[in-house]
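Let me begin by presenting the structure, written as structure tokens, before commenting on it.
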Amino acid sequence: ERRALARAMRTQSEDRKLVARSLGDDALEEARSLLGMPIRVEQWNNEAGRDVIRHYAWGIGDDNPLWSDPEYAKGTRFGGIIAPPTFFFGIFDAVVAPGLEDIQWYYSGIDAQFLLPIRRNDEITASAEYVDVKPLQGKRVRNMLVQTGDVRYTNQEGELATRVLSHTYRVPRSGAEGGLSYEPRPTQRYTQGQLDEIMFAQVNEYVRGADTLYWDDVQAGATLPGTVRGPINQMDMTTYYAGAPGTTGYKSTKLKWKYTHWARTSPEKLPNNYDKCYYGAKVLPSIGHQDAAVAVSELGMPGPYDNGPQRCGMLATCVTNWMGDDGWLRTYSTRLRLPVIFGDTTYCKGRVKDKRLEDGRGIVELELWTENQLGEVTMSGSGTVELPRRTAA
């Protein structure tokens with residue numbers, strides 16, 4: 001066993017080469033054959049402790065005291081700290097992409113329902129089922145698949161707090177026939193004046209907080225104040241991973257070897273029903289979030305890139321800042337369009353699409369999106385918010 005470990009370490013540089021597999025008809029059939037399978041969930045966090053919630057919130061740049069300050073939160077309608085809506089990513093990243101070994105996965109987006117707040121010290125259990133797969137054609141890759149999981153987050157009382165349909169692209173890597181291939185893009189350079197403007201927008205970000213927004217006062221077509229995040233760098237990624245898993249395969253030192261080397265040579269030593277698309281890879285595919293060489297030469301990305309759930313969380317902050325403590329984000333959907341690479345700045349934006357009454361409740365429909373510093377839309381989305389009314393029906 002020691003000799004095998006030594007050989008693995010000596011060939012580490014060779015192991016950095018990711019296998020490039022084409023996406024043929026057999027891949028679609030393989031993906032379809034697995035439909036209905038339950039997914040082995042490895043949770044990053046099991047309890048919504050005060051610091052666990054704060055670490056996640058800070059990882060998306062959200063310092064709203066409702067998520068972190070017990071005294072402030074005690075005075076809100078929740079009576080204590082609650083987690084940001086997208087905190088479920090900090091429990092389990094919701095990636096459901098079984099099978100298709102050596103076919104790269106990227107986050108595609110979510111359709112989330114928020115039924116109950118996740119409160120401080122709640123014990124959350126995640127469960128997942130693989131429910132759909134569809135073929136898709138893109139501009140930069142001829143053929144890809146989108147796999148969908150139905151992921152549920154239940155509290156200690158057995159109540160469903162959050163339900164997410166989570167979508168994952170499966171895309172051939174750059175070395176495969178028909179693989180993904182972006183042109184490498186140099187890191188964005190900013191003038192000091194531009195950096196000052198970006199900094200000012202973030203440190204002076206609008207947070208409604210306890211100032212109630214009433215449904216009666218919302219007008220269709222109104223724009224949200226928005227948020228700014230970035231320029232993103234490796235430190236931002238590291239901070240995010242303190243509160244949420246980069247992928248279920250991220251492990252350190254001893255656990256790294258158990259989940260990579262042993263997965264290839266002695267899978268019986270791992271927990272039952274582990275999936276080789278998460279464990280046993282020579283190089284974790286998610287290393288492209290940190291390593292420029294892997295991101296560009298192996299994966300075909302324009303540079304090391306952000307984490308999809310991280311961006312989803314950042315855009316949700318644009319909504320929670322606007323709606324305030326008395327609002328409730330009921331539904332939230334996103335679709336990732338372009339990668340955000342190191343040096344990019346993300347501008348989270350939204351507008352009121354419509355408003356209506358639903359069983360006497362004030363409902364506002366939002367159109368949401370993110371743009372980079374080049375004005376390109378990197379993610380599109382929508383949301384449904386419930387707001388208090390000045391006068392009941």
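The values are calculated or read from the model by the stated rules, or taken from the named source; none is laboratory data. The shown structure was predicted, so the numbers you read here are calculated from the model rather than taken from an experiment. For neighbour counting, all protein chains shown are included, and Cβ atoms are generated from backbone atoms with ideal geometry for every residue, glycine included. The protein model used for the area step is the full one, side chains on, heavy atoms only, and it has no ligands, DNA or RNA in it. Shrake-Rupley method; radii C 1.70, N 1.55, O 1.52, S 1.80 Å.
Here residue 173 meets each of (1) within 30 Å of residue 329 (Cα to Cα); (2) open to solvent by less than 20 Å² (accessible area, probe 1.4 Å); (3) in contact with an Asp or Glu (Cβ under 8 Å, 6 or more places away or on another chain) with one exception, condition (1). If I ask for residues that are among the small types (Gly, Ala, Ser) and under 19 Å from residue 324 (Cβ atoms), which ones from the range 193-214 would you list? Once the filter is applied, which keeps residues that are among the small types (Gly, Ala, Ser) and under 19 Å from residue 324 (Cβ atoms), the range 193-214 yields 209, 210.
Restricting the first member to the range 194-221 and to residues that are modelled with pLDDT of 95 or more, and the second to residues that are among the small types (Gly, Ala, Ser) and outside any loop (DSSP other than H, G, I, E, B), the beta-carbon pairs closer than 7 Å and six or more apart or on different chains are 215/362. The helices (runs of 4 or more DSSP H) found wholly in the range 23-132 and carrying at least 3 residues that are farther than 17 Å from residue 243 by Cα occupy 25-33, 70-74. Given the condition assigned to a loop (DSSP other than H, G, I, E, B) and among the small types (Gly, Ala, Ser), answer yes or no: does some residue in the range 195-216 qualify? Within the range 195-216, one or more residues are assigned to a loop (DSSP other than H, G, I, E, B) and among the small types (Gly, Ala, Ser). Checking the stated criteria, residue 96 turns out not to satisfy the condition of being on the phi < 0 side of the Ramachandran plot, surrounded by fewer than 23 Cβ atoms within 10 Å (Cβ to Cβ) and at pLDDT below 95. Residues considered: 114, 78, 89. Of these, the only one that is under 30 Å from residue 298 (Cβ atoms) and among the aromatic types (Phe, Trp, Tyr) is 89. The listed residues are 381, 362, 343, and the only one of them that is more than 19 Å from residue 64 (Cβ to Cβ) and either out of contact with any Ser or Thr (no Cβ under 7 Å at 6 or more places or on another chain) or free of Cβ contacts under 8 Å to residues at least 12 places away in the same chain (or both) turns out to be 362. Of the residues 163, 185, only one is under 28 Å from residue 56 (Cβ atoms) and charged (D, E, K, R); which? After applying the criteria, what remains is 163. Residues being of a type in the set (Val, Ile, Thr) and at pLDDT 95 or above are represented in the range 295-317 by at least one member. Of all the listed residues (354, 344), the sole one being of a type in the set (Asp, Glu) and open to solvent by 10 Å² or more (accessible area, probe 1.4 Å) is 354.
Among residues of the range 66-84 that are more than 20 Å from residue 319 (Cα to Cα) and touching a residue at least 12 places away in the same chain (Cβ under 8 Å), those with a beta-carbon under 6 Å from a residue that is in a loop (DSSP other than H, G, I, E, B) and open to solvent by 30 Å² or more (accessible area, probe 1.4 Å) at least six positions away or on a different chain give the pairs 80/120.
Output the residue which, of all residues in the range 344-393 that are acidic (Asp, Glu) and in contact with an Asp or Glu (Cβ under 7 Å, 6 or more places away or on another chain), is farthest from residue 222 (Cα to Cα). The residue in question is 365. Yes or no: residue 157 acidic (Asp, Glu), open to solvent by 10 Å² or more (accessible area, probe 1.4 Å), under 30 Å from residue 329 (Cα atoms) and part of a loop (DSSP other than H, G, I, E, B)? For residue 157, the condition - acidic (Asp, Glu), open to solvent by 10 Å² or more (accessible area, probe 1.4 Å), under 30 Å from residue 329 (Cα atoms) and part of a loop (DSSP other than H, G, I, E, B) - is met. Close contacts from the range 166-182, counting a first residue that is over 9 Å from residue 106 (Cβ atoms) and at pLDDT 85 or above and a second that is open to solvent by 20 Å² or more (accessible area, probe 1.4 Å) and of a type in the set (S, T, N, Q), with Cβ to Cβ under 6 Å and a gap of 6+ residues or different chains, come to 172/22.
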